[in-house]
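Report on one structure; see the data block that follows.
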Amino acid sequence: CDRALLAARSIKGQYGKYFAAYDDKLRDELLRQQAIIDEMETALKEEQFLIYLQPKYRIRDDKLAGAEALVRWNHPKWGFQSPAEFIPLFEKNGFITKLDQFVWDKTCSYLREWEEKGYPPLPASVNVSRADIYNADIADILMNTVEKYGLPPSRLHLEITESAYTENPGQIIETVSHLRNLGFIIEMDDFGSGYSSLNMLNQMPIDILKLDMKFIQSETVKPANQGVLRFIMELARWMHLSVVAEGVETREQLDRLLETGCDYVQGYYFARPMPERDFEKLIREQQSDEEQEQQREETDR
Ligand code: C2E
Ligand code: MG
Ligand code: MG
Ligand code: MG
């Protein structure tokens, strides 16, 4: 906390008392950031971090097609904290590497558990931070993780945010090609949020485009927006990529996606991120639906 206070004081010294109100806000913010950082190691040790799973559905047949693992921090005093706040802090100070390892482990342990229960194999997507993807050992780390749980790498989808690709495209092309050769599935997360060029996309060895929410959440549905969506889907088909739309909240948004030929959807319209036991219920429901379908087909024959 001292460091944050010193930083806040030095800013105050520079700009004087006229900025006192702004200064207080800034100081509070710095104190809060420092408090988060002070708590993170304990949080990991005491298992305050939880994994929530958000279902992903295949549009073609409405089937559950996988899950995205999203970290949650349930702090004993502060309650649930937003990843949008703490992830960027952990990326800056490097703690994200430890946290992501925890998330990957936990996610693989769920996949393993479901396999042992005899459920049909589903893939899970994990987020790979920009700090992880530029780590020279990333392929070994991920490979060791899946092997520890006896899973093929193809069960793990790696979501790498679009802006991470542009930091050092040469290096990332190499890493991602290697990961793909090992069998991992690569998703470009937040596609279209503002960084990638079509040229870069063309060179990136990826499997899946994950459309940024802003494409479907734009308030006014202009014909031009629908045109952009259509263009992206067409481009993806040419490049043999599947497309996932995230942040689908309404029936209307789903209809727009149906029109353009999107492959997978994820969003509050279908389900919020949920604890593993709730997700497992969804798997069981789908399994019994499939068994009933099969029985019906058999009696029809
Ligand atoms: P992301 O990977 O793009 O994840 C999608 C975010 O959208 C999640 O926010 C999810 O809860 C939220 N979301 C899902 N459906 C909807 C919807 O219909 N409407 C709206 N408005 N939002 C929806 P969340 O969980 O708060 O995570 C925020 C970001 O934090 C993630 O964005 C990801 O970049 C990062 N993150 C989360 N968990 C991890 C993790 O384990 N490791 C790393 N490195 N980053 C993570
Ligand atoms: Mg993601
Ligand atoms: Mg995203
Ligand atoms: Mg369970």
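One residue stands out in the stretch 195-240 among those that are free of Cβ contacts under 8 Å to residues at least 12 places away in the same chain and within 16 Å of ligand 1 (Cβ to nearest atom): the one that is nearest to ALA124 (Cα to Cα), namely SER218. Restricting attention to the stretch 96-125, the residues that are within 15 Å of ligand 1 (Cβ to nearest atom) and assigned to a helix (DSSP H, G or I) add up to 15. Quick check: is even one residue across the stretch 207-217 out of contact with any Pro (no Cβ under 8 Å at 6 or more places or on another chain), at pLDDT below 95, more than 18 Å from VAL265 (Cβ to Cβ) and open to solvent by 40 Å² or more (accessible area, probe 1.4 Å)? Checked against the condition, which is being out of contact with any Pro (no Cβ under 8 Å at 6 or more places or on another chain), at pLDDT below 95, more than 18 Å from VAL265 (Cβ to Cβ) and open to solvent by 40 Å² or more (accessible area, probe 1.4 Å), the stretch 207-217 yields no hits at all. Is there a residue being part of a helix (DSSP H, G or I) and open to solvent by less than 10 Å² (accessible area, probe 1.4 Å) anywhere in the stretch 147-161? No, the stretch 147-161 has no match at all.
Which of the residues belonging to the stretch 116-150 are touching a helix residue (DSSP H, G or I) at 6+ places or on another chain (Cβ under 6 Å) and within 16 Å of ligand 4 (Cβ to nearest atom)? The answer is TYR119, ALA124, TYR149.
How many of the residues making up the stretch 243-301 are of a type in the set (Ser, Thr, Tyr), more than 13 Å from ligand 1 (Cβ to nearest atom) and open to solvent by 90 Å² or more (accessible area, probe 1.4 Å)? Qualifying residue count, the stretch 243-301: 1. For the stretch 63-76, state whether one or more residues are under 26 Å from ASP263 (Cβ atoms), more than 16 Å from ligand 2 (Cβ to nearest atom) and open to solvent by less than 40 Å² (accessible area, probe 1.4 Å). Yes, that holds for at least one residue.
Filter the stretch 193-206 for residues that are surrounded by 12 or more Cβ atoms within 10 Å (Cβ to Cβ) and either touching a strand residue (DSSP E or B) at 6+ places or on another chain (Cβ under 7 Å) or not polar (S, T, N, Q) (or both) and give the result. Within the stretch 193-206, TYR195, MET200, LEU201, MET204, PRO205, ILE206 meet the criteria. ASP137 satisfies every condition listed in (1) at pLDDT 90 or above; (2) open to solvent by less than 50 Å² (accessible area, probe 1.4 Å) except (2).
Can you confirm whether ILE51 is assigned to a strand (DSSP E or B), open to solvent by less than 60 Å² (accessible area, probe 1.4 Å) and either among the β-branched types (Val, Ile, Thr) or touching a Ser or Thr at 6+ places or on another chain (Cβ under 6 Å) (or both)? Yes: the conditions hold for ILE51.
Looking only at residues in the stretch 162-192 that are closer than 22 Å to VAL248 by Cβ and open to solvent by 30 Å² or more (accessible area, probe 1.4 Å), the one that is nearest to ligand 3 (Cβ to nearest atom) is ASP190. Quick check on the stretch 218-230. Is at least one of its residues surrounded by fewer than 20 Cβ atoms within 10 Å (Cβ to Cβ), on the phi < 0 side of the Ramachandran plot, under 17 Å from the mean Cα position of the chain (by Cα) and away from ligand 3 (no atom under 13 Å from the Cβ)? No, the stretch 218-230 contains no residue that is surrounded by fewer than 20 Cβ atoms within 10 Å (Cβ to Cβ), on the phi < 0 side of the Ramachandran plot, under 17 Å from the mean Cα position of the chain (by Cα) and away from ligand 3 (no atom under 13 Å from the Cβ).
The values are calculated or read from the model by the stated rules, or taken from the named source; none is laboratory data. What you are looking at is a predicted structure, and each value in this text was computed from that prediction instead of being measured. Please note: Cβ atoms are built from the backbone with ideal geometry, for glycine as well, and neighbour counts cover all protein chains shown. Only protein heavy atoms, including side chains, enter the accessible area calculation; ligands, DNA and RNA are left aside. Shrake-Rupley method; radii C 1.70, N 1.55, O 1.52, S 1.80 Å.
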